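Every number here is computed from the coordinates shown, using simple stated rules; none is lab data. Only a predicted model underlies this, so the values are computations on that prediction, with no experimental measurement involved. Because the Cβ atoms are built from the backbone with ideal geometry, glycine has one as well, and the counts that use them run over all protein chains shown.
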Amino acid sequence: MIILGIESTCDETAAAIVKDGHEILSNVISSQVDIHKEFGGVFPEIACRHHINNILPVIDEALKNANMTHSSIDGIAIAHGPGLMGALLIGLHAAKALSLSWKKKFIGVNHIEAHLYAAMMGRLEDLLFPSLGVVLSGGHTMLVQIDSIGHYHRIGSTVDDAIGEAFDKVAAMLGLPYPGGPSIEKLAKEGDPQKYAFKPGMVKNSPFDFSFSGLKTKVLYTIKGQQANRHSPLLIDDDEKKHIAASFQRAALEDIVNKSLSAATQIGAHQIFIGGGVSNNRELRRLFAEKCSTIPQFWPSAGLSLDNAAMIAGLGYQKFLLQQEGDSLSLRAQTRIPF
Ligand code: KG4
Ligand code: ZN
């Protein structure tokens, strides 16, 4: 079964062709990072304008790269949430219009679930359950028990900032370019992760929940002084920035790894699947491997950590297998979807 996946939840316009949920025949991503850099974050109206211009060319390119015309595809999968409302509507309406005019099955998928599926799609033969899913993106930080593809229980999530958001905000405080995650990771390579004793937040009576706002404020006061706000001038020199980046990154990532591993032990997880933009971080991958050699950890392959449509097409196939039918064209865009 050949699925065209479409992704437009935030600032990437993407389309991909995937066979049987795992064989990626094409994977096209038009990123707007350079456009939003100027604003230090995603500017929703501008993101929408670019989605409108890019969506059909990106879909055409995905078909062309897979050496196909639309007559070869069986269905269209779309991420209908969570995300920015305007951005979601553009992808959703394109998917509905094409499925209607091309007479293809129409399948809506959850973008966050697709981030987890990205870590599974290369090894569908070897999946064991229950497993632990760890979602680490710009908008979500979540631990879930995976009982099978499509069946999850949430174990923990963030009570304030998402991990990617914390990286982006700390990077902005340090005057580093957007997106902050890769900027912090790069600078941290030269720094001493033990120079500053930053501590991540603990949530009372919720050992698997996360809180990053206290850590973020601690970094702010350390680099700009007590009572500072994010517009206050930096009190540290460029050399010190690398130690701040390394210490912040170590504190945040160790918290994620420690909570993930104790959750995995508690649920008797056979495997751990980690997805979302922050899963691109090499230090995170190193820490997981260093702290746990008994439970296998799986990561998205190259190009599948950040937002992409291959994970949408792959999960769309699985959803179709589970439901044995497509979704209604009345499916709505949802800025939040309970998991
Ligand atoms: O999953 P994603 O592409 O979009 C959302 O669904 O949110 O994640 C984007 C987030 C951004 O906050 C970005 O700073 C972060 O992922 N990120 C990273 C790295 N690469 C991207 N964070 C830490 N280290 C990285 N290498
Ligand atoms: Zn995402």
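Over all directions, the average projected area of the alpha-carbon convex hull for the range 160-219 comes to how many nm²?
That works out to 4.4 nm².
For the chain, which semi-axes, largest first and in whole Å, follow from the square roots of 5 times the eigenvalues of its Cα gyration tensor?
Numbers: eigenvalues 242, 112, 52 Å².
Each semi-axis is √(5λ); the values are 35, 24, 16 Å.
Please sort by residue number the trypsin sites (Lys or Arg not before Pro) in the range 59-146 whose DSSP state is loop and whose Cβ has at most 12 other Cβ atoms within 10 Å.
K103
What share of Cα pairs, in percent, lie more than 20 angstrom apart in the range 1-109?
35
Mind checking the range 282-339 for trypsin sites (Lys or Arg not before Pro) that DSSP puts in a loop (not H, G, I, E or B) and that have at most 13 other Cβ atoms within 10 Å?
Sites meeting the loop and neighbour criteria: R332, R336.
For Q334, list long-range residues whose amide hydrogen, built 1.01 Å from N in the peptide plane, is under 5 Å from its own amide hydrogen.
Distant-sequence amide H within range of Q334: G81.
Given a 10 angstrom Cα cut-off, can you work out which residue in Q297, Q323, Q271 is the most mobile in a GNM of the chain?
Looking only at Q297, Q323, Q271, the biggest GNM fluctuation is shown by Q323.
Kindly give Rg over Rh for the range 118-187, based on alpha-carbon atoms, with the Kirkwood expression for the hydrodynamic radius.
Value, to two decimals: 1.11.
Picking from S31, S279, S148, which is most flexible by a Gaussian network model of the chain using Cα springs under 10 Å?
S148
Kindly provide the helix-only [θ] at 222 nm of the chain, computed as the sum of -39,500 (n - 2.57) over DSSP H runs of four or more divided by all residues, to the nearest 500 deg cm²/dmol? Before the final figure, lay out each step's value.
Working: 10 runs with 141 residues, N = 339.
Rounded to the nearest 500, the figure is -13500 deg cm²/dmol.
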